[in-house]
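The values are calculated or read from the model by the stated rules, or taken from the named source; none is laboratory data. A quick note: this is a predicted structure, and the numbers were derived from the prediction, not measured. Heads up, the Cβs are rebuilt from the backbone with ideal geometry, glycines too, and the neighbour counts pull from every protein chain shown. Quick note on the areas: whole protein, heavy atoms, side chains included, nothing else; ligands and nucleic acids left out. Shrake-Rupley method; radii C 1.70, N 1.55, O 1.52, S 1.80 Å.
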Amino acid sequence: MALFSPPAPSVPRATTFDQMLEKVRYEGVYPTRQHAQDVIRRVLEALGRQLTGAERVELAGRLPQEAADYLASQAPTGRPLTGWGFVKDLAERTGGNLATTRWDTGSVLGVVARLAGEDLTTRIIGQLPDGYALLFGRAQLARAA
């Protein structure tokens, strides 16, 4: 008797960059579209410096083209940062404070996680050092020793 496997559910996807921009603007409570776009650019460029391999390519394919371009514009550094290190590095690069940078990161990566879908987000978090789950809007679970 053959087992039937239902098709994988379709991945939710912002059909346009404008839709993604409005989601980030709403969730981040940013006063203007330009501010939200600047935050998206900075966070996705920083993520592009950390993310490698198939997950990077697959994520770019699930993002609107403009967002995928931001992610792809930065080559991975080969210097993995923890989630907190990611926030600190981004704050230093942009001249922002840590609290605002943490807010910005969560606002963007929460939307990115929904666009990526559960499976890909899980694989992305698994590839990165500790501390990214919270940035993607998930509980940080302890890794097995």
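Looking only at region 81-101, which residues are small (Gly, Ala, Ser), assigned to a helix (DSSP H, G or I) and open to solvent by less than 50 Å² (accessible area, probe 1.4 Å)? It would help to see each step written out before you state the result.
Of all residues in region 81-101, those small (Gly, Ala, Ser) come to 83, 85, 91, 95-96, 99.
In the following step, the residues that additionally are assigned to a helix (DSSP H, G or I) were identified as 83, 85, 91, 99.
Within region 81-101, Gly83, Gly85, Ala91 meet the criteria.
If you take the residues in region 102-127 that are within 18 Å of Arg42 (Cβ to Cβ) and either of a type outside the set (A, V, I, L, M, F, W, C) or not in a helix (DSSP H, G or I) (or both), which one is farthest from the chain's Cα centre (by Cα)?
Among those residues, the one meeting the criterion is Arg102.
Out of Gly78, Gly117, which single residue is surrounded by fewer than 16 Cβ atoms within 10 Å (Cβ to Cβ) and out of contact with any strand residue (DSSP E or B) (no Cβ under 9 Å at 6 or more places or on another chain)?
Values: Gly117 fails: surrounded by fewer than 16 Cβ atoms within 10 Å (Cβ to Cβ).
After ruling out the rest, the residue left standing is Gly78.
Inspect region 128-136 for any residue being touching a residue at least 60 places away in the same chain (Cβ under 8 Å), open to solvent by less than 10 Å² (accessible area, probe 1.4 Å) and part of a helix (DSSP H, G or I) and give the result as yes or no.
The first filter runs over region 128-136 and keeps only residues touching a residue at least 60 places away in the same chain (Cβ under 8 Å), leaving 128.
Adding the requirement that they be open to solvent by less than 10 Å² (accessible area, probe 1.4 Å) leaves 128.
Checking the rest, the ones that are also part of a helix (DSSP H, G or I) come to none.
Looking for residues that are touching a residue at least 60 places away in the same chain (Cβ under 8 Å), open to solvent by less than 10 Å² (accessible area, probe 1.4 Å) and part of a helix (DSSP H, G or I), one finds none in region 128-136, hence no.
Within the set of pairs 6 or more residues apart or between chains, which connect a residue that is at negative phi and at pLDDT 95 or above inside region 69-87 to a residue that is among the charged types (D, E, K, R) and open to solvent by 70 Å² or more (accessible area, probe 1.4 Å) with Cβ atoms less than 7 Å apart?
What qualifies is Tyr70/Arg41; Thr82/Asp130; Gly83/Asp130; Val87/Arg102.
Mind checking which residues of region 32-60 are within 13 Å of the chain's Cα centre (by Cα) and small (Gly, Ala, Ser)?
Matches in region 32-60: Ala46, Gly48, Ala60.
Check off (1) farther than 20 Å from Tyr26 by Cα; (2) in contact (Cβ under 8 Å) with a residue 60 or more places away in the chain; (3) polar (S, T, N, Q) for Asn97 and give me the number that stays unchecked.
(2)
Only residues that are charged (D, E, K, R) and out of contact with any helix residue (DSSP H, G or I) (no Cβ under 7 Å at 6 or more places or on another chain): list them for region 20-55, please.
Applying the first criterion (charged (D, E, K, R)) to region 20-55 yields 22-23, 25, 27, 33, 38, 41-42, 45, 49, 55.
Scanning region 20-55 gives Glu22, Asp38, Arg49.
So, in region 14-72, of the ones that are open to solvent by 70 Å² or more (accessible area, probe 1.4 Å) and among the aliphatic types (A, V, I, L, M), which residue ends up farthest from Gly96 (Cα to Cα)?
Once the filter is applied, the top-ranked residue is Val57.
In the list Leu59, Leu51, which residue meets the criterion of being of a type outside the set (Val, Ile, Thr), part of a helix (DSSP H, G or I) and modelled with pLDDT of 95 or more?
Criteria check complete, one pass: Leu59.
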